[in-house]
Amino acid sequence: MSKMIAGKHVNQVVQLREVEVSDLPTFFEFHLDPEANQMAAFTRKDPSNREAFDRHWHKILADESIPIQTILFGGQVAGSVLSYVMDGEREVSYWIGKAFWGRAIATRALALYLDFITERPLYARAAKDNLGSIRVLEKNGFKVIATEKGFANARGKEIEESVFILD
Ligand SMILES: CC(C)(COP(=O)(O)OP(=O)(O)OC[C@H]1O[C@@H](n2cnc3c(N)ncnc32)[C@H](O)[C@@H]1OP(=O)(O)O)[C@@H](O)C(=O)NCCC(=O)NCCS
């Protein structure tokens with residue numbers, strides 16, 4: 001049985017915190033999932049390459065221009081949310097472990113991250129058919145400004161992606 005605080009079950013609370021190195025194996029598992037990779041589309045070439053994953057994560061964790069937060073759901077590691085500057089524009093990105101999908105975790109985590117990162121405008125991108133991610137962005141006030149084409153590693157071909165802005 002979970003405790004109730006302000007009408008919410010404690011074990012349903014979404015929180016952000018700094019990433020701990022011990023979160024990385026969980027993130028790696030999340031990023032291995034084939035369905036998640038299909039959705040996200042613009043993924044790393046080989047999500048099963050643990051060494052490349054660790055190298056990449058240690059590099060971004062050391063980069064102060066890339067604020068990364070671990071998403072907790074009821075205290076469990078449920079995903080990650082981050083932003084980075086690409087061509088002068090700060091873009092947000094997030095990934096929720098499949099076991100945690102469909103519980104408004106991404107929507108809530110992005111809302112918390114938008115309080116944490118006050119810089120505006122912010123940008124985001126989602127494969128045009130990643131309806132979940134598009135909904136998460138729209139619910140947080142992002143608006144589509146363009147459609148672009150790019151090579152999606154997870155699909156092995158060029159696909160359309162929607163570009164979003166939050167002013
Ligand atoms: C996309 C993703 C972030 C959604 O996370 P989530 O915590 O399940 O999302 P939420 O529960 O907050 O759902 C938000 C909305 O999207 C909808 N949604 C979620 N997944 C969906 C899907 N696969 N298809 C259609 N709608 C979906 C929900 O119904 C909800 O809409 P509603 O509030 O109108 O009912 C998650 O599936 C994920 O991490 N996928 C893999 C990585 C990825 O795609 N990252 C984003 C890269 S751009």
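The values are calculated or read from the model by the stated rules, or taken from the named source; none is laboratory data. Values in this document were obtained by computation on a predicted structure and should not be read as measured data. Glycine also receives a Cβ, built like all others from the backbone with ideal geometry; neighbour counts cover every protein chain displayed. Note: accessible area is taken over every heavy atom of the protein model, side chains too, but ligands, DNA and RNA are not part of it. Shrake-Rupley method; radii C 1.70, N 1.55, O 1.52, S 1.80 Å.
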* Hey, ARG155 hits all of (1) in contact with a Gly (Cβ under 9 Å, 6 or more places away or on another chain); (2) more than 27 Å from VAL77 (Cα to Cα) but one; which does it fall short on? -> (1)
* Asked: Just a yes or no: is a residue in segment 143-157 aromatic (Phe, Trp, Tyr) and within 17 Å of the chain's Cα centre (by Cα)?
  -> no
* To do: Can you confirm whether segment 91-106 contains a residue that is loosely packed, with under 15 Cβ neighbours inside 10 Å, more than 12 Å from the ligand (Cβ to nearest atom) and at pLDDT 95 or above?
  => no
* Structure fact -> Apart from one, (1) free of Cβ contacts under 8 Å to residues at least 40 places away in the same chain; (2) among the aliphatic types (A, V, I, L, M); (3) under 20 Å from GLU18 (Cβ atoms); (4) not in a helix (DSSP H, G or I) all hold for ILE145; the odd one out is (3)
* Structure fact -> All-but-one check, GLU161 against (1) acidic (Asp, Glu); (2) touching a residue at least 40 places away in the same chain (Cβ under 8 Å); (3) open to solvent by 40 Å² or more (accessible area, probe 1.4 Å), failing number (3)
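Taking the stated definitions as given, is VAL144 surrounded by 13 or more Cβ atoms within 10 Å (Cβ to Cβ) and either near the ligand (Cβ under 8 Å from one of its atoms) or polar (S, T, N, Q) (or both)?
no
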